[in-house]
Amino acid sequence: MSWVSSIVSILEISLLLYVATLDVATRTIRNDVCLLLALLGIARQLASPMQFAESLIAATLLFLLLLALYQRGGIGGGDVKLLVALAIGLPPTGLIELLTVTTLAGGVLALVHLVMRVLPYPKLAPVGSSLARRVYAIERWRHVRHAPLPYGVAIACGGIWTISSRGF
C-alpha cells in the first residue's frame, strides 16, 4: 500500500472519530466532513479508474436506496450523506463489509439504548463529573424526550473497521 493510501486511511479514521463524537454530542453530521470523506475516498482510488467507476455505481445505488428510506423516515439525512461518502471510497466488496459492520454496530447501539431506558434517571451530573457520567445523564435525558439514536456512531464504527481491514 502506498504512503498516500496510508495517509488517507489515517485521515478518514480521524474524521470518523470526529463524526461519532459530534453525533453523540449534537445529533448532527456535518456536510463538510462528508465532503472531505468523499474526496479522500476519491484520492484513494485515483490509481484504479475501473474500481473508482464501480464505486461510483455502487454509491449511486446505495444513495437511491437510502433516499427512499430517508423519505419514509427510516434514516436521517446525515446518515445518508455519511454512508454514501464512505461508499465512494470503497470497492463493492468494501461497501458490503461497511454495511454489515454498520448494521451489527447499530444493533449493539440500539441494545445499549434499550438498556438505558430501564436504568434510573440520573440527576444532572455535577461539575467535575467524569465524561462517562455526563454522557449517561445527557443520553438518558434524551431517551425521555424520544431523541433519535446517534447512528453516525454505528456508521463510524463500520467505516473504521472497513478502512482498517484494508490496511494502512
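The values are calculated or read from the model by the stated rules, or taken from the named source; none is laboratory data. Computed from a prediction, not measured in an experiment: that's the story for all the values here. Don't worry about glycine lacking a Cβ; one is built from the backbone with ideal geometry, like all the others, and counts go over all protein chains shown. Heads up: the accessible areas ignore ligands, DNA and RNA and are worked out on the full protein's heavy atoms, side chains in. Shrake-Rupley method; radii C 1.70, N 1.55, O 1.52, S 1.80 Å.
Quick one: what are the phi-derived ³J(HN,Hα) couplings along region 32-49, Karplus 6.51/-1.76/1.60 with θ = phi - 60°, whole Hz, x for glycine and proline?
5, 5, 5, 4, 4, 4, 5, 5, 5, x, 5, 4, 5, 9, 4, 6, 10, x
Whole number in Å², please: accessible area per residue of region 91-168, 1.4 Å probe, ligands, DNA and RNA not counted. The partial results should precede the final answer.
On the way: 4720 Å² over 78 residues.
Per-residue accessible area for region 91-168 comes out at 60 Å².
Only Cα pairs within less than 10 Å get springs; with that Gaussian network setup on the chain, which residue of G128, G78, G106 has the largest fluctuation?
G128
Work out the length of the dipole vector of the chain about its Cα centre, built from +1 on the beta-carbon of each Lys and Arg and -1 on the beta-carbon of each Asp and Glu, and round it to the nearest 20 debye. Could the numbers behind the result be given before it?
Working: 13 positive and 7 negative charges, 154 e Å.
That gives a dipole near 740 debye.
Averaging sequence separations of C-alpha pairs under 8 Å and six or more residues apart, then dividing by the length of the chain, give the relative contact order as a whole percent. Mind showing how you got there, number by number?
On the way: 178 pairs, mean separation 60.2, N = 168.
RCO, the chain: 36 percent.
Please compute P(r) over all alpha-carbon pairs of the chain, binned at 5 Å starting from zero, and give each bin as a whole-number percent.
1, 9, 16, 21, 18, 13, 9, 6, 4, 2, 1, 0
For region 33-155, which whole percent of the accessible surface, found with a 1.4 angstrom probe, sits on carbon and sulfur atoms? Write out the running numbers ahead of the final one.
Values: 5330 of 7140 Å².
Roughly 75 percent of what the probe reaches on region 33-155 is carbon or sulfur.
If you build a Gaussian network model of the chain, linking Cα atoms that sit under 10 Å apart, which residue out of L109, L37, L90 swings the most?
Among L109, L37, L90, the largest GNM mean-square fluctuation belongs to L109.
Counting only heavy atoms of protein chains, what accessible area per residue, in Å², does region 1-44 have with a probe of 1.4 Å? Before the final figure, lay out each step's value.
On the way: 2310 Å² over 44 residues.
Heavy-atom accessible area per residue stands at 52 Å².
What is the distance in Å between the Cα centres of region 93-118 and region 6-53?
19
Taking the radius of gyration and the Kirkwood hydrodynamic radius from Cα positions alone, what is the Rg/Rh ratio for region 69-143, to two decimal places? All intermediate terms of the calculation are to be shown ahead of the outcome.
Values: Rg = 16.7 Å, Rh = 15.0 Å.
Checking Rg against Rh, the ratio lands at 1.11.
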